[in-house]
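The values are calculated or read from the model by the stated rules, or taken from the named source; none is laboratory data. This one's a predicted model, so the numbers in the text were calculated from it and none came from an experiment. Please note: Cβ atoms are built from the backbone with ideal geometry, for glycine as well, and neighbour counts cover all protein chains shown. The protein model used for the area step is the full one, side chains on, heavy atoms only, and it has no ligands, DNA or RNA in it. Shrake-Rupley method; radii C 1.70, N 1.55, O 1.52, S 1.80 Å.
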Amino acid sequence: MNSLFGSNLKYDLKASLVVFLVALPLCLGIAIASGAPPMSGLIAGIVGGIIVGALSGSNVSVSGPAAGLTVIVLDSINSMGTFPLFLATLVIAGLIQLGLGIAKAGVIGYYFPHAVIKGMLTAIGLILILKQIPHALGYDVDLMGDEAFLQADDHNTFSEIWYAIQYSSIGAIPIVLIAMGILILFERPKIQNHRIFGVVPGALWAVLSGILINFFYGIWKPEWQLGGDHLVSIPVLENIGQLGDLLTFPDFSMIGESTFWVVAATIAIIGSLETLLSIDAADKLDPMKRTTPPSKELVAQGIGNSISGLIGGLPVTAVIVRSSANVASGAKTKMSAVFHGVLLMILVLSIPTILNLIPLSCLAAVLFLVGYKLAKPSIFISIYKNGWDQFIPFIVTVVAILFTDLLVGIGIGMVFGLFFVVKTNFVRSVTLTEMNGNYLLKLQKDVSFLNKALLMKNLAQIPSGSKVIINAQKAQFIDHDIQEVLNDFIASCYDKNISITVEGFKYKIHEKI
């Protein structure tokens, strides 16, 4: 185990640095969009990295505050009245999740259709690209971390891009272009494996380039220099004694109220669903195809949420943006997630002034690359080749998430996915094949009254004078209505000069005519 840890350490450290750079603005943006203190997002990121990362059975997923819960958290804070009261519900929500994990409720994660999960990943990739275009152009009105189509600033994803084109900050454009060039350059194996350049990930070089370019703007081109909302904004401590001021503690005074328990249960259930979706998606991205125990993940998330609530953090879930950045950066084990949490804790407290120099436009470049890897054109082609029963749920999920939000889009995708699963099983339950006037009617798996019309249609195709074998060896259940249709058909075969042989029936049916 130690040798394995040592051999993977360099990969996990590099990946953790990239995830840290991705997580930093997202934690802050999600907190502000949720109507919570900015520090609450960073606390959730730290807890998600260190606590959940250590307890999780996932090798590549990363946990932290989730954009998909932004509206729920905002509404919950408003319904509870104060942020400390909300934190108390989060502590209880964590305990509910812990109970769900112990009860092995995580198995529900196995029932998400593959096409829907692929659609979710691709949609997130497209959202990352579309949502970062305004930041790349220096139009930073909407917060980083907002993944919903309808935004808090009353714009939507596409109208925001239009406004960004009209009101762009010229200084942001060279920063994002140079950062993108560095990131693309560092995708080359020769650079990645270089004994000097390969030690530090391209994302850090891209961020350093952004800081330096913006610094030189101040000397040579002051009107291009970015400041204020165009930069990362972390609370700065003047001394260590102010650390306690950044923490908020829960207020359990409303624990006897029904509203308290409704909010807690809502956070627990929605957070658990988002986690199960994200770990399933992360497992599909994992090059080593390792599988995360879903119930163990709920236990880890439950403990993480209770701790986050106790010290003033937002709800924690497994999150696909950071997880995909983790995989794309070459993470090998869950230590990458833990290291990213440690980096958040140490660097946010020790060098916030330096971190506040990072332009959001160069972080947009990092997210552009993550988004492209999730939504490559080859993914659409690959799913299309798998057939319409895979492509339609996939594309519906993509479009639904793009024009709503993650949870609503997944729900719509699930409806289409389940329709095609039922349709496929429905058609395959009864099959009729013909060769030289000989017919084979096969009943497979469960054949219910829903298959009655299809069965009667197939039987009606059999002409007089045929030889027919009715095989039910693979049928585990045959509905009474189906038995009646078969018996009626067999009874009519004498008049049609049809020879019938039945095989594998466990039910009362005519043996042979």
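May I ask you to give the percent of accessible area on the chain that is carbon plus sulfur, with a probe radius of 1.4 Å? Let's see the in-between values first.
Values: 15240 of 23280 Å².
It is 65 percent, rounded to a whole number.
To check you understand DSSP bridge types, tell me what percent of the beta bridges within the chain (both residues inside) are antiparallel, rounded to 5. Expressed as a percentage, antiparallel bridges in the chain total about 45.
Report the FRET efficiency, 1/(1 + (r/R0)^6), for LYS289 and ILE469, where r is their Cβ-Cβ distance and R0 is 30 Å, rounded to 0.05.
Values: r = 41 Å, r/R0 = 1.38.
Given R0 = 30 Å and the Cβ-Cβ separation, E is 0.15.
Whole-Hz Karplus values for region 18-26 come out as 5, 4, 4, 5, 6, 6, 3, x, 5 Hz, taken residue by residue from phi with 6.51 cos²θ - 1.76 cosθ + 1.60 and θ = phi - 60°; glycine and proline positions read x. When the convex hull of its Cα atoms is viewed from all sides, region 177-254 shows a mean projected area of 10.3 nm². Stretching HIS114 away from GLN476 to a fully extended chain increases their span by 127.8 nm, per 0.36 nm per residue minus the current alpha-carbon distance.
Put a dot 7 Å past the Cα of ASP245, heading toward its Cβ, do the same for TYR11, and the two dots end up 4.5 nm apart.
Label-to-label distance for TYR384 and VAL71 is 3.1 nm, based on points extended 7 Å past Cα in the beta-carbon direction.
Taking every alpha-carbon pair in region 309-445 and binning the separations at 10 Å intervals from zero gives 9, 22, 28, 19, 12, 6, 3, 1, 0 percent.
Find how much the distance from GLU223 to GLU434 grows on full extension, using 0.36 nm per residue of separation minus their present alpha carbon separation; answer in nm with one decimal.
So the chain would gain 68.1 nm between GLU223 and GLU434.
The trypsin sites (Lys or Arg not before Pro) of region 435-512 that meet both conditions, a loop assignment by DSSP and at most 13 other Cβ atoms within 10 Å of the site Cβ, are LYS506, LYS508. Using the 1.4 Å probe convention, the accessible area of the chain works out to 45 Å² per residue with neighbouring protein chains retained. Stretched out straight at 0.36 nm per residue, the stretch from GLN444 to PHE216 would grow longer than its current Cα-Cα span by 74.9 nm. The lysine pair tally for region 322-451, using Cα distances under 27 Å and a gap of 8 or more places or different chains, is 10.
Shape descriptor for the chain: Rg over Rh equals 1.11 (Cα atoms; Rh from the Kirkwood inverse mean 1/r). Working from label points 7 Å from Cα in the Cα-to-Cβ sense, the GLN483 to GLN192 distance is 6.1 nm.
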